[in-house]
Amino acid sequence: MIELKNIHKVYRTKNIETVALDNINMKVEEGEFVSIMGPSGCGKSTLLNIIGLIDNPTDGDMSVCNTHINGQKEKQLAAFRNKNLGFIFQRFHLISSLNVLDNVELSLIYRKMSGAKRRKLALETLEKVGLSHRAKHYPSELSGGQCQRVAIARAIVGEPQLILADEPTGNLDSKMSEEIMQILHDLNRDSKTTIVMVTHDEKLAKQTDRVIRFFDGRQVN
């Protein structure tokens, strides 16, 4: 599913060179639910951005969803992201001027399907996360947990092979965190979706199949 070989990421300015990732070699198998843990600034989010094709490694070789990525052009990568990857963020990143249904439907805009089909899929996905009754509401009218459910619906509406979740429970209380984790576990179990989740919460990490730990840009296990 995911294979990283000798991945390095270096940020350079005129006077400073910062090594964000140093010689990362890791595999994630299809259908795994994997946690990535480590202190702030250790490279977790950088790694997730590279796997998600939002950022490019400085050096190294990688495959995502069993597809070799190196050398592909940005247009190809954008189409690949839209078809195969779903993203869940700590801060939700919902569009405040759009209602819940439109936020979920938005990720299907660039696919070749009718507006009626997009709307049907979006409504069905909101039903899966228990928010079909909030379809016409706006993000400002929802709780944090409900906003994260909308974000999950947006991430999974296109049936991606891989979900990348960056601190998906970071802004939620313990009860809401448990509810969001249950949705992710159900998705992983029922749809066999591969999930890579960055988290600071040891309790949540222990619920996943495997924990990968980082420190100072290096994988330590």
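The values are calculated or read from the model by the stated rules, or taken from the named source; none is laboratory data. The structure presented is a predicted model; accordingly, all values stated were derived computationally and were not measured. Cβ sites come from the backbone with ideal geometry, for glycine too, and all protein chains shown count toward neighbours.
Could you please find all residues in region 75-115 being touching a Leu at 6+ places or on another chain (Cβ under 9 Å) and charged (D, E, K, R)? The answer is 81, 105.
Restricting 21, 53 to those that are part of a loop (DSSP other than H, G, I, E, B) and surrounded by 20 or more Cβ atoms within 10 Å (Cβ to Cβ) reduces the list to 53. Can you find a residue that is at pLDDT below 90 and on the phi > 0 side of the Ramachandran plot anywhere in region 70-87? Yes: region 70-87 contains one or more residues that are at pLDDT below 90 and on the phi > 0 side of the Ramachandran plot. Annotation: residue 163 fulfils all but one of (1) crowded, with 20+ Cβ neighbours inside 10 Å; (2) out of contact with any strand residue (DSSP E or B) (no Cβ under 7 Å at 6 or more places or on another chain); (3) at pLDDT 95 or above; the unmet one is (2).
Count of region 74-103 residues, restricted to those that are under 17 Å from residue 125 (Cβ atoms), free of Cβ contacts under 8 Å to residues at least 40 places away in the same chain and either under 16 Å from the mean Cα position of the chain (by Cα) or assigned to a helix (DSSP H, G or I) (or both), is 2. For beta carbons closer than 9 Å, sequence separation of 6+ or different chains, a first residue in region 173-192 that is of a type in the set (Gly, Ala, Ser) and a second that is surrounded by 15 or more Cβ atoms within 10 Å (Cβ to Cβ), the qualifying pairs are 177/145; 177/168; 177/169; 177/170; 177/201; 177/204; 191/156.
The number of residues in region 124-144 being in a helix (DSSP H, G or I), buried (at least 18 other Cβ atoms within 10 Å of the Cβ) and not basic (Lys, Arg) comes to 3.
Kindly check whether there is at least one residue in region 103-114 that is under 25 Å from residue 23 (Cα atoms) and either at pLDDT below 95 or surrounded by 18 or more Cβ atoms within 10 Å (Cβ to Cβ) (or both). Spell out the reasoning first.
Pass one, region 103-114, residues under 25 Å from residue 23 (Cα atoms): none.
For region 103-114, residues under 25 Å from residue 23 (Cα atoms) and either at pLDDT below 95 or surrounded by 18 or more Cβ atoms within 10 Å (Cβ to Cβ) (or both): absent.
For residue 136, the criteria (1) at pLDDT below 95; (2) farther than 20 Å from residue 197 by Cβ hold in every case but one, which is (1). Checking each residue in region 56-70 for being out of contact with any strand residue (DSSP E or B) (no Cβ under 8 Å at 6 or more places or on another chain), over 25 Å from residue 12 (Cβ atoms) and not in a strand (DSSP E or B) picks out only 66.
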